[in-house]
Structures are given as C-alpha cells and as structure tokens.
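Since every read-out is calculated from the coordinates, none of them should be taken as a lab result. Since this is a predicted model, take the numbers as computed values, not measurements. Backbone-built Cβ (ideal geometry, glycine too); neighbour counts: all protein chains shown.
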C-alpha cells in the first residue's frame, strides 16, 4: 500500500465506485455549504475584531462572551451520519481559525492572571472557578480538539498547539497533562491516518480532507518551512520546558537525539541548551542547599547566643543575690559587735562609784574615761550601720528605678521643676521672707527660754 498517493488506489472496484460517488455527493454538498457559509465567515471575522478590541481595552468578560459563540457548537443534535455539529470556527479558513483560537487562549491567560477578588468581581465566583479549573486541569485542550477539530488530535493547527502548551506551562497545576497531550499530538501528526471511516468523515469538509492528505505525505508532519518552524517550536516546548518540569532530563536528551525533525545543527543547539538548563538547575539547587545550610547555622548560632545570654543573666542574678546576702550578714555582725562593746560601759560605772569617797561628789574622771573608751567604738559602729543602711537604700532605689523607669523620670522632672521654680526671683524672695520670719520666731522663743532658765 502506498502512503504518498490517494487511499482509493488499493481499494476494490465496488468500494472505489461507492467511495467516488460518496466523494462527488459530498463535494456538491460542501460547495453548497461553502456558498451559504460566506456570511458566517464574515460574521466570524467581525466577531473576532470586536472581541480583539474588547480585549485590548481590558474588558475581559465582554471579550470572552463575544468569542464564545465562535468556538462553541451551535447545536447538540447530530446529523444523518451521527456526527456532532462542530463550532462555527471549524468552518472558517485556517488563518481565521488560528486567530480565533489564539485570541480565546489569550483571553483565558489574562483572566487567570487576575487577582482572585478581581476575577470574582468580574465573572462571578462560580464562573471564575470554572474557568480557572478548566485551564489548570488541562481541560481546555480537549475543548479545542472536540469543538474546533472534530475530535482529531493531529488536526489541531500547530500555532494553536503552541499557544495551548504555553498556557498550560504558565497555569497548569502539573505538566503531566501537557506532556501527554503533546506526545499524542506529535504521534498523531507524524503518523498517516489509515482509518477508512475517518477518511470518509473527513470528506465532508474540504479543509479536513486536504489536511489529511497533507499529513499522509511525510512522517515529520512538516511540508512547508512555516510548518517546520512550528514543529521545531513545539519540540522546543516539549523537550526544553514540559519534560524538564516533570524532571525527565534523560528522556528529553534521548528524544532530541532521535528526533527526525531536527537537523544536526538544531539537534546540537537543543542538546547544548538542555545541558545549560541542567547545569543552571544544579547550580540553583546547590545555592538553595547552601542557603538552607547557612540559615540552619545562623539559627544554631542564635540559639547558642540566647543560651549564653541566659546563662550570663542567671549568673549575674546569682552574684547579686549572694552580694545582698553577704551585705545583710555583714550588717548583722556589725550590730553584734556594737552590743558587745557597749555592754562594758555600765560595768565600769560601779567600779568608779565604789572607788569614790563621798556620795555628794559625782565621780567625774572615771565617767569621763568610760566615755572616752566607749565613744569611738559606738560611733564607728553607728557610722558603719548608717552607711550600710544608706547603701541599702541606694541599692533599693536603683532596683526600683530599673523596675520602674518612669519613677526616675518623675524624680528628675520634680527636681527640674524645683530648680525652675527657685530660678524665679519672686519665689526666692518669698521663700527668704518666710524663712526669715520663722528664724526670728525661733530666736525669740530661744531668748525667752534662756531668760526663764536664768531666773
């Protein structure tokens, strides 16, 4: 069987005659439909231009509602052959069809790039979630194949395939669906269609029959330089983006090496780009590991520093408590020494009294000697006790100020207010008058007491 000619060359005469009559009848019907579909093609172009203008002005809901009738089947009923009526865009020319589908995919991409609140406000919560789910789950690919290309995977235009793969790369949850769809497309578009029923169905549309004949001419699926460039772009998306997202580095390298579409120059460029991407990923992974290790080390250092500071604070607190305990014990010891030294004073009095000769004359010299002996010790102890108490008061004030800094601020504010108040001349003169009056009263009272005592 030959693949480069018509499929009717190997059929029996009966089948050939029936096939020829069927083709003739379908040609007449397709001609009639094409003449009647010219206004529809004009309507598609007009709707496309209107949707493009709406999209450029960022009126996404209106743009989507304008383009949806072009890509949605007009009826759910089937014709006499049991085939579902395709969308209006399926009857348009190739350039118009590519433009409509590309615009639809571009609108979906812009919709998914909206914020959640903005998208819900523009489309409603339910429709927003439906659109996001259709793209992220990859259902939009099946929608394009079924509504625009009669369910034939390999008949999808290469530019539409590129836009679909790019859309899923940007918004799909995983690239597994994208990989499977691209593999199905590459396999279907590079393999000639030998199904007689498909060929009979394809004769209903001159566009499909011409594309089927074109796909059967070469195994690479590229007959023109434009098709070849599109095929190379699809291979680039598949091998250098989709497979790498799924961590299929070895399979991507093997696919590039055995691809019949790529020549030696392109194959070397693809392999070099793959090697560069792998090195970049390894370098980024290494940097991430180093950064994570640095963060862990910094966290460990912070934990150790916190432990050290806590230990220092605990040691400082223990030393402070020990010093306070030692001060309290020292003050108690000083007080005991004062008592022991002050007790001999009353014992010396009986000795001085017993040694006296007359009761009327008080013993002056022994008492004075006792006073001289006990005065230095008692004054020293009292001075030490006063200093210790003063020190305790100062330490308590310091602790109070540390615990409540606002108290210190209030004290400073009070002192400053006193200084400011006494800085005024009128207040100083008034205070001086009050003090002078009080001092005069004290002097007069003291003078009266001296006169009374003299009398």
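Here each label is just a point 7 Å from Cα along the line to Cβ, and for residue 448 and residue 412 those points are 4.9 nm apart.
What ranking do 386, 256 get, fewest neighbouring Cβ atoms within 10 angstrom at the top?
Least to most surrounded, the residues fall as 386, 256.
Centroid-to-centroid, using Cα positions, segment 251-269 and segment 389-455 are 100 Å apart.
Using packing as a proxy for protection, rank 129-135, 52-58 so that the peptide with the highest average count of other Cβ atoms within 10 Å comes first. Please list the in-between numbers first.
Working: 129-135: 15.9, 52-58: 14.0.
The peptides rank, most packed first, as 129-135, 52-58.
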